[in-house]
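Report on one structure; see the data block that follows.
The values are calculated or read from the model by the stated rules, or taken from the named source; none is laboratory data. Nothing here was measured: the structure is a model prediction, and the numbers come from that model. Neighbour counts run over all protein chains shown; Cβ positions are idealised from the backbone, glycine included.
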Amino acid sequence: MDQNFLEMYEKNPIFELDKDQFSAPIWSYYYNLKSLFKYWLLTKDLVAETIFANSEFFEFPYSDDDIPDDLDLTEVAHHDGDEIEFDFENIPKIQRNLILANIFTLIEKLLRDVCEEIDEEFILGGKGSYIQQYCHFIKNNSDIRFSKDFMKSFEAFGHLRNSFVHNFDVIDVPTESEKHLEKLCGPFSNLNTGTENIHVDIFFKTASDFGEFFQNEYHKFF
């Protein structure tokens, strides 16, 4: 296995699973999060590196005044400077936001599974994000309590995800969420250019820390 991958994986481990106490929601969350994290480490630079490595394929070898009559127009279609410029910018952006969205999916699944353990026919209150609603139901029907820091982070990263989903190339998040993201990711994370690797890395850490916290709270109640 690639040494760089192993070093990154060991440097940023997912929380430790308590294998002495089985919980289907916790175990599912743990292994799914590890799989997603491995996928991120293996691919986060691969897309950009592949585009740059093959950039010569897109270099148009002719000037406007020196286009041969027998030039294959199907080949010319591949030499679109605008296309490459957009690829450089958009493909890594799409990759990051897909990972960000999938982390949310795993957190929501964990909380939904626990809600179903409490009541198979549970009904949400309908206010706030799904995470907020699941947490509200769990809090009202168990002794589990949720840190305000986690809820604030979920809200901030949720605003970042929603900005991409609804606007794609325009980052528009509330000021408080922007300040919180800067606090978590550092002052050099620039939202003006969209989601960066650091945002995904920090959200993985948040999701891992939440998994450890929730595992401990869960086993106190169940």
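This table checks each residue for (1) out of contact with any Leu (no Cβ under 8 Å at 6 or more places or on another chain); (2) at pLDDT below 95; (3) part of a loop (DSSP other than H, G, I, E, B).
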site	(1), (2), (3)
Ile84	yes, yes, no
Ile91	yes, yes, no
Arg96	yes, yes, no
Ala101	yes, yes, no
Phe104	yes, no, no
Ile107	yes, no, no
Val114	yes, no, no
Glu120	yes, yes, yes
Ile123	yes, yes, yes
* To do: Scan the range 150-162 residue by residue and report those that are free of Cβ contacts under 8 Å to residues at least 40 places away in the same chain and touching a helix residue (DSSP H, G or I) at 6+ places or on another chain (Cβ under 9 Å).
  => Met151, Lys152, Glu155, Ala156, His159
* Asked: For Ser35, are the conditions met, namely being modelled with pLDDT of 85 or more, touching a Leu at 6+ places or on another chain (Cβ under 8 Å) and not hydrophobic (A, V, I, L, M, F, W, C)?
  -> no
* Structure fact -> Considering the range 185-217, residues that are assigned to a helix (DSSP H, G or I) and among the β-branched types (Val, Ile, Thr), and then whichever is farthest from Leu41 (Cα to Cα), we arrive at Thr193
* To do: Look at Glu182 and say whether it is under 19 Å from the mean Cα position of the chain (by Cα), surrounded by fewer than 16 Cβ atoms within 10 Å (Cβ to Cβ) and modelled with pLDDT under 90.
  => yes
* Asked: How many residues are more than 19 Å from Ala207 (Cβ to Cβ) and polar (S, T, N, Q) when one looks only at the range 82-140?
  -> 2
* Restricting the first residue to the range 191-206 and requiring it to be under 19 Å from Thr105 (Cα atoms), which pairs with a second residue that is among the acidic types (Asp, Glu) and at pLDDT 95 or above meet a Cβ separation below 6 Å and a spacing of at least six or different chains? -> none
* Any hit, the range 163-184, residues being in a helix (DSSP H, G or I) and within 23 Å of Lys19 (Cβ to Cβ) -> no
* **Output for the range 133-147, where each listed residue is in a loop (DSSP other than H, G, I, E, B) and within 25 Å of the chain's Cα centre (by Cα)** => Arg145, Phe146, Ser147
* Asked: Within the range 207-222, can one find any residue that is free of Cβ contacts under 8 Å to residues at least 60 places away in the same chain and in contact with a Phe, Trp or Tyr (Cβ under 8 Å, 6 or more places away or on another chain)?
  -> no
* Scan the range 185-212 residue by residue and report those that are of a type in the set (A, V, I, L, M, F, W, C) and buried (at least 17 other Cβ atoms within 10 Å of the Cβ). => Cys185, Leu191, Val200, Ile202, Phe203, Phe204, Ala207, Phe210
